[in-house]
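The values are calculated or read from the model by the stated rules, or taken from the named source; none is laboratory data. Note that this is a predicted model, so its numbers are computed, not measured. We place every Cβ from the backbone using ideal geometry, glycine too, and count neighbours over all the protein chains shown.
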Amino acid sequence: MSVLQKLVLASGSPRRVELLSQAGLEPTQLLPAHIDESPLRSELPRSLARRLARSKAEKAHDKLRADGEHEGAYVLAADTVVAVGRTSLPKAEAVDEATQCLRLLSGRTHRVHTGVCLITPRDKIRQKVVETRVRFKRLTADEMESYLASGEWRGKAGGYAIQGLAGTFVVRLVGSYSNVVGLPLYETVSLLTGEGYKVHLNWLSGGS
């Protein structure tokens, strides 16, 4: 007797839900995993994204197991880190944080790292870190002030959301656009299909 496949997203991010929907996937359950996202001493941005994604996946998986709901579950987690050089920028929650981020990003190329972690029904852990390079135009004082007033930066890695107004700041992007939004679709679908999750069954019914 086959066990029903379940896709549990260890996140409450509307952006990640929308990206999965774009790939024809609808999580069976959203199970946000709240953890301390502070970088460790001397931790590089890429390593931070990888560690946080795994920590979120493991916390959600442990919760499912404790509740007896882990059978047949694929647990997917991701974490996005925006970096200038070796410095990881915060997920801006205050205006001064967002202002500092925008000043650092203005006129420069930065890197966006998204760690993706998948825990399979057999407790196998698969991970991937995807990097995209993004260059911002040099921002004027008016552009910065207006963007800060929009509030779109709140809770976003690096203090901006590329799918919103900040898309007008992007001069060049090298790599995955969906990675900058918060979930690299190609790599995520590859992880799922590689571990036996039947992604394309949803396509046959129009994603329903």
Given the conditions (1) part of a helix (DSSP H, G or I); (2) over 14 Å from the mean Cα position of the chain (by Cα); (3) over 15 Å from THR120 (Cα atoms), which single one is not true for ARG41? (1)
Tally, over segment 4-19, of residues that are out of contact with any helix residue (DSSP H, G or I) (no Cβ under 8 Å at 6 or more places or on another chain), under 21 Å from ARG54 (Cβ atoms) and part of a helix (DSSP H, G or I): 2
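Hey, among LEU201, LEU183, which residue is of a type outside the set (Val, Ile, Thr), buried (at least 20 other Cβ atoms within 10 Å of the Cβ) and either touching an Asp or Glu at 6+ places or on another chain (Cβ under 7 Å) or under 23 Å from GLY72 (Cα atoms) (or both)?
Working: LEU201 fails: buried (at least 20 other Cβ atoms within 10 Å of the Cβ).
Going through LEU201, LEU183 in turn, the sole match is LEU183.
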Matching residues in segment 3-47 - criterion: being surrounded by 15 or more Cβ atoms within 10 Å (Cβ to Cβ), under 18 Å from LEU191 (Cα atoms) and not small (Gly, Ala, Ser): GLN5, LYS6, LEU7, VAL8, LEU9, ARG16, VAL17, LEU19, LEU20, LEU25, PRO27, THR28
Report the residue count in segment 88-129 for those that are in a helix (DSSP H, G or I) and aliphatic (A, V, I, L, M). 5
Determine the pairs where a residue that is touching a residue at least 12 places away in the same chain (Cβ under 8 Å) and within 23 Å of THR193 (Cα to Cα), located within segment 65-79, has a partner that is loosely packed, with under 14 Cβ neighbours inside 10 Å and not β-branched (Val, Ile, Thr) with Cβ atoms under 7 Å apart, the partner being 6 or more residues away or on another chain. GLY72/LEU4
Can PHE136 be described as surrounded by 15 or more Cβ atoms within 10 Å (Cβ to Cβ) and touching a Gly at 6+ places or on another chain (Cβ under 7 Å)? yes
Select from segment 48-102 the residues that are in contact with a strand residue (DSSP E or B) (Cβ under 7 Å, 6 or more places away or on another chain), over 30 Å from MET144 (Cα atoms) and among the hydrophobic types (A, V, I, L, M, F, W, C) and write down the one among them that is surrounded by the fewest Cβ atoms within 10 Å (Cβ to Cβ). LEU64
Only one of these conditions is not met by LEU148: (1) free of Cβ contacts under 8 Å to residues at least 60 places away in the same chain; (2) farther than 17 Å from ARG54 by Cα; (3) exposed (fewer than 15 other Cβ atoms within 10 Å of the Cβ). Which number is it? (3)
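Counting only residues that are among the hydrophobic types (A, V, I, L, M, F, W, C), within 24 Å of ALA92 (Cα to Cα) and touching a helix residue (DSSP H, G or I) at 6+ places or on another chain (Cβ under 9 Å), give me the helices (runs of 4 or more DSSP H) lying completely in segment 136-208 with at least 1 of them. I'd like the intermediate steps shown before the answer.
Values: elements: 141-150, 177-181, 185-194, 201-204.
Result: 141-150, 177-181.
Which residue is nearest to ASP123 (Cα to Cα), if the candidates are limited to segment 48-87 and must be small (Gly, Ala, Ser) and part of a strand (DSSP E or B)?
Filtering segment 48-87 for residues small (Gly, Ala, Ser) gives 49, 53, 55, 57, 60, 66, 68, 72-73, 77-78, 83, 85.
Now restrict to residues that are part of a strand (DSSP E or B): 73, 77-78, 83.
Details: ALA73: 9, ALA77: 14, ALA78: 17, ALA83: 31 Å.
That would be ALA73.
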Which one of these does GLN5 not meet: (1) closer than 29 Å to SER150 by Cβ; (2) modelled with pLDDT under 95; (3) in contact with a strand residue (DSSP E or B) (Cβ under 9 Å, 6 or more places away or on another chain)? (1)
